[in-house]
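Each remark here refers to the structure printed beneath this line.
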Amino acid sequence: MPASIIDGKMIAAKVHEETAEEVAVLARDYNVQPGLAVVLVGDDPASRVYVNMKVKKCKELRIYSEKHALDKTATMEEVLELVKKLNNDSRINGILVQSPPPPQIDEDEVVAAINPAKDVDCFHASNVGKMLIGKNDGFVPCTPYGIMMLLERSGVDPSGKHAVIIGRSNIVGKPMMALLVQKAKGANATVTCVHSRTKNLPEITRQADILIAAIGQPEFVTADMVKDGAVVIDVGINRVEDPNGRSNYQLVGDVKYDEVFDKASMITPVPGGVGPMTIAMLLHNTIKACKQQNGIV
Ligand code: NDP
C-alpha cells in the first residue's frame with residue numbers, strides 16, 4: 001500500500017503559528033521581543049540562502065533579527081570578537097553561526113565561544129551534554145528536534161520500535177540517536193546507527209520500524225532496503241541534474257522516493273519534509289532562550 005506523506009511544510013507552519021502566538025504574549029505581558037543574530041562568514045551560496053530564509057522568517061514572526069555578514073577573508077579574531085559582542089547584547093537571545101565557515105575559521109572554537117544560554121543551534125558541548133543526559137533546560141539541535149516533532153505530530157510513537165539512523169554526523173545522526181533513545185515520552189526507541197564503515201547495511205535497515213536517512217547521498221535508500229510498513233524520514237538535500245532539463249538542478253533526498261513510497265507506511269518528501277522543520281525549531285529555541293534569559297516560565 002502506498003505511504004501517507006508526512007507534510008513537513010504543514011507541520012512547520014503550525015509550529016511557526018505557535019511561535020508567533022508566544023511572541024505576541026511576550027510582547028503583551030512582558031514587553032519583551034525575542035532576538036536572533038545570524039552570522040554568515042564568506043559567500044557560500046547555499047549558506048546565504050539559508051541565512052536569508054531565517055532572517056525573513058524572523059521578520060514574519062516579529063522576532064528581532066540581525067544578520068552579520070563577514071567577508072570570506074574574515075579572521076578568527078574578527079569572528080570571535082563579533083560572537084563576544086553578541087553574547088553581551090541584551091537584545092540578542094540566540095546566536096547562530098552558519099555552517100560551514102571558510103577554512104581559516106575553526107568552527108569548534110567559534111561554537112565554544114557562544115554563550116550556551118544563547119546557543120539556539122545546540123552545537124555547544126554544554127547543550128549537547130544536557131541533551132544526552134536528558135536535561136530539558138538546554139537546547140535541542142534543530143534538525144533532529146524537527147524530526148522528533150514530525151514523528152510526534154504524525155502520531156508515530158517510537159517507544160519499543162527499532163529506529164535505524166543512517167549517518168553519524170554531529171548535526172543530525174548522533175543527536176538523533178540521543179533523542180530517540182531517551183527514557184522519555186515520545187522516545188524510548190531501540191536505536192541502531194549505521195555509517196560508511198557498517199557491514200551489511202541493507203540487512204540492518206530492513207529491520208527498521210523507523211528509518212532515518214541522513215547521509216547526503218542522492219537516492220541511496222532503495223525499496224529493497226526498507227521493511228514493509230516502515231516510517232521513513234529523509235533528511236538528505238542533494239542537488240542533482242534535472243532529468244527533464246527544465247531547470248539547472250533538482251533537489252532529491254537520500255531516499256529513492258518513488259519506489260520507497262510504495263513500501264513505507266509514512267514518508268517525508270524532499271523538499272517539504274524535514275527541511276521546513278529546521279527553521280521552525282530554530283525559532284522555537286529562540287523563544288525558549290528569550291524566556292530563560294528574562295526569567296519567564
Ligand atoms: P555529513 O556529511 O556530516 O555526514 C554524513 C554521514 O553519512 C556520515 O556519518 C557518513 O559516514 C555517512 N555516509 C556517507 N555515505 C555513506 C554511505 N554510502 N553509506 C553509509 N553511510 C554513509 O552530513 P550531514 O549529517 O550534515 O547531512 C546529511 C544530509 O542531510 C545532507 O544531504 C544534508 O544536506 C542534509 N541535511 C539536511 C538538513 C535539513 O534541514 N533538512 C539539515 C542538515 C543536513 P562516516 O561518518 O563513516 O563518514
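The values are calculated or read from the model by the stated rules, or taken from the named source; none is laboratory data. Quantities reported herein were computed from a predicted structural model and do not represent experimental measurements. Here the Cβ is made from the backbone with ideal geometry for all residues, glycine too, and neighbour counts use every protein chain on show. Calculation scope for accessible area: heavy atoms of the full protein, side chains included, ligands and nucleic acids excluded. Shrake-Rupley method; radii C 1.70, N 1.55, O 1.52, S 1.80 Å.
Considering segment 152-177, and only residues there that are within 8 Å of the ligand (Cβ to nearest atom) and open to solvent by less than 40 Å² (accessible area, probe 1.4 Å), the residue that is nearest to LYS14 (Cα to Cα) turns out to be VAL172.
Whenever a residue of segment 1-13 is modelled with pLDDT under 95, its partners that are open to solvent by 60 Å² or more (accessible area, probe 1.4 Å) and assigned to a loop (DSSP other than H, G, I, E, B), lying with C-beta atoms within less than 6 angstrom and at least six residues away or across chains, give the pairs PRO2/ASP262.
Reported count of residues in segment 115-151, each being away from the ligand (no atom under 13 Å from the Cβ), closer than 28 Å to ILE6 by Cα, open to solvent by less than 20 Å² (accessible area, probe 1.4 Å) and not in a helix (DSSP H, G or I), is 3.
Hey, SER247 hits all of (1) at pLDDT 95 or above; (2) on the phi < 0 side of the Ramachandran plot but one; which does it fall short on? Just one mismatch for SER247, condition (1).
Screening VAL194 against (1) touching a residue at least 12 places away in the same chain (Cβ under 8 Å); (2) open to solvent by 40 Å² or more (accessible area, probe 1.4 Å); (3) near the ligand (Cβ under 8 Å from one of its atoms) leaves a single unmet condition, (2). Of all residue pairs spaced 6 or more apart or on separate chains, those with beta-carbon atoms under 8 Å, a first member in segment 237-261 that is in contact (Cβ under 8 Å) with a residue 12 or more places away in the chain and a second member that is away from the ligand (no atom under 16 Å from the Cβ) and of a type outside the set (Val, Ile, Thr) are LYS256/ALA223; GLU259/ALA223; VAL260/ALA3; VAL260/ALA223; PHE261/PRO2; PHE261/ALA3. Under the condition of being among the hydrophobic types (A, V, I, L, M, F, W, C), free of Cβ contacts under 8 Å to residues at least 60 places away in the same chain, buried (at least 18 other Cβ atoms within 10 Å of the Cβ) and outside any strand (DSSP E or B), the residues counted in segment 221-236 number 3.
None of ALA264, ALA280, ALA289 is touching a residue at least 40 places away in the same chain (Cβ under 8 Å) and outside any helix (DSSP H, G or I) except ALA264. Considering the conditions (1) within 14 Å of the ligand (Cβ to nearest atom); (2) closer than 22 Å to VAL140 by Cβ, LYS185 is excluded by exactly one of them, (1). Remark: pairs (first residue in segment 107-135, β-branched (Val, Ile, Thr); second residue outside any helix (DSSP H, G or I) and crowded, with 17+ Cβ neighbours inside 10 Å; Cβ separation under 6 Å; 6+ apart in sequence or on different chains) = VAL110/VAL97; VAL111/PHE123; VAL111/HIS124; ILE114/ILE95; ILE114/HIS124; VAL120/GLY94; VAL120/PHE139.
Just a yes or no: is a residue in segment 1-18 over 28 Å from ASP262 (Cβ atoms), of a type in the set (S, T, N, Q) and outside the structural domain of VAL156 (by TED's automatic domain parsing)? Scanning segment 1-18 turns up no residue that is over 28 Å from ASP262 (Cβ atoms), of a type in the set (S, T, N, Q) and outside the structural domain of VAL156 (by TED's automatic domain parsing). The sole residue among LEU180, LEU251, LEU201, LEU211 that is open to solvent by 30 Å² or more (accessible area, probe 1.4 Å) and within 16 Å of the ligand (Cβ to nearest atom) is LEU251.
Within the option set VAL231, VAL297, VAL221, being within 16 Å of the ligand (Cβ to nearest atom) and of a type outside the set (D, E, K, R) holds for one residue only, VAL221.
Which one of these is within 15 Å of the chain's Cα centre (by Cα), at pLDDT 95 or above and of a type in the set (Val, Ile, Thr): VAL128, VAL83, VAL110? Of the residues listed, the single one that is within 15 Å of the chain's Cα centre (by Cα), at pLDDT 95 or above and of a type in the set (Val, Ile, Thr) is VAL128.
Considering only residues in segment 17-64 that are aromatic (Phe, Trp, Tyr) and more than 15 Å from THR286 (Cα to Cα), the one that is surrounded by the most Cβ atoms within 10 Å (Cβ to Cβ) turns out to be TYR50.
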